[in-house]
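Visitor: Take a look at this one; I'll ask things after.
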């Protein structure tokens, strides 16, 4: 049989055993994973998992679930408490464009995948790449599963003050990765107004903006 990249031999990202995820889980005695099929792994991994689930009646049911594993990520709200501003990004997101967003240009907090780094180290890296801000003091807020029905990602949320005079420009991102990021500095009230009007539609950004006025630096 031909060796399968990502399963029997390393794929282009050096991964093997992609079909083993979940097979050894035993934390929930009411769940038994019996088979894992890799459907796609060109970059991230789409799997179809067959499992047995013990229903409230006590009977075991056979179920199948598809999961998309893109790794875990981190995001940060950059805020200036004196000027009452937040520093966000605007960039093209094809998944939202194909799902009814007017132009796909989404306003967001800085964010990125961990890539095997500690979450705090990862978000410091991403903030520098996307906004030109070198984060000093930082606060960890929560770790949240953003789309638990199908996506495995856990997102680590942070907040940090920034110095607007220390910014390196009005754009960011890595061109070699196809990132063309515009920086958007907003008064916190304007940012909240954009949430209400639907101009900001990104979940992590809305959560962080609401935290900022409920418990954070702009608490009323």
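Laboratory data are not the source of any read-out in this text; all were calculated from the coordinates shown. What you see is a predicted model, and the numbers here were worked out from it, not measured in a lab. Cβ placement follows ideal geometry from the backbone for every residue including glycine, while neighbour counts extend to all protein chains displayed.
Visitor: Go ahead and run the numbers for FRET between residue 27 and residue 134, Cβ-Cβ distance against an R0 of 35 Å, rounding to 0.05. It would help to have the intermediate numbers written out before the result.
Guide: On the way: r = 39 Å, r/R0 = 1.12.
For R0 = 35 Å, the calculated efficiency reads 0.35.
Visitor: Can you put 44, 118 in order, fewest other beta carbons within 10 Å first?
Guide: On the way: 44 15, 118 11.
If I rank by nearby Cβ atoms, fewest first, I get 118, 44.
Visitor: Between 0 and 90 degrees, rounded to the nearest ten: what's the tilt of helix 119-131 against the longest Cα principal axis of the chain?
Guide: With both axes taken from Cα atoms, the answer is about 50 degrees.
Visitor: Sort 70, 125, 220 by Cβ crowding within 10 Å, fewest neighbours at the top. Could the numbers behind the result be given before it?
Guide: Working: 70 13, 125 16, 220 4.
Least to most surrounded, the residues fall as 220, 70, 125.
Visitor: Still on this structure: Could you state, as a whole-number percent, how many of the C-alpha pairs of region 1-99 are farther apart than 21 Å? Intermediate values should be presented prior to the final figure.
Guide: Details: 2767 of 4851 pairs.
Counting every Cα pair in region 1-99, those more than 21 Å apart make up 57 percent.
Visitor: Here is a further query. Using the 10 angstrom Cβ neighbour count as an exposure proxy, how do 79, 53 rank, fewest first?
Guide: Working: 79 23, 53 14.
With the sparsest Cβ surroundings first, the list reads 53, 79.
Visitor: Now a separate question. I'm checking a number: the convex hull volume of the Cα atoms of region 18-69, normalised per residue, in Å³. What is it? Each step should come with its number before you reach the end.
Guide: Details: hull volume 3.6 nm³, N = 52.
Normalising the Cα hull of region 18-69 by residue number yields 69 Å³.
Visitor: Another question, if that's okay. Please state the relative contact order of region 1-85 as a whole percent: Cα pairs under 8 Å, 6+ residues apart? All intermediate terms of the calculation are to be shown ahead of the outcome.
Guide: On the way: 118 pairs, mean separation 14.3, N = 85.
Rounded, it is 17 percent for region 1-85.
Visitor: Right, here's the next one. Connecting C-alpha atoms closer than 10 Å in a GNM of the chain, tell me which of 91, 63, 201 has the biggest fluctuation.
Guide: Of 91, 63, 201, the most mobile in the Gaussian network model is 63.
Visitor: Viscosity 0.692 mPa s, temperature 37 °C: what is the translational diffusion coefficient of region 47-188 from Stokes-Einstein with a Kirkwood Rh over Cα pairs, rounded to a whole number of µm²/s? Could the numbers behind the result be given before it?
Guide: On the way: Rh = 17.1 Å.
The diffusion coefficient I find is 192 µm²/s.
Visitor: Sequence gap at least 6, Cα distance under 8 Å: using those rules, report the relative contact order of the chain to the nearest whole percent.
Guide: For the chain, the relative contact order is 17 percent.
Visitor: Could you tell me the center-to-center distance, by alpha carbons, between region 75-148 and region 33-61 in angstrom?
Guide: Region 75-148 and region 33-61 have Cα centres spaced 31 Å from each other.
Visitor: Which value in deg cm²/dmol, rounded to the nearest 500, describes the helix-derived mean residue ellipticity at 222 nm for the chain, given -39,500 (n - 2.57) per DSSP H run of n ≥ 4 and division by the residue count? Please list the in-between numbers first.
Guide: Working: 4 runs with 39 residues, N = 220.
Using -39500 (n - 2.57) per qualifying helix, the result is -5000 deg cm²/dmol.
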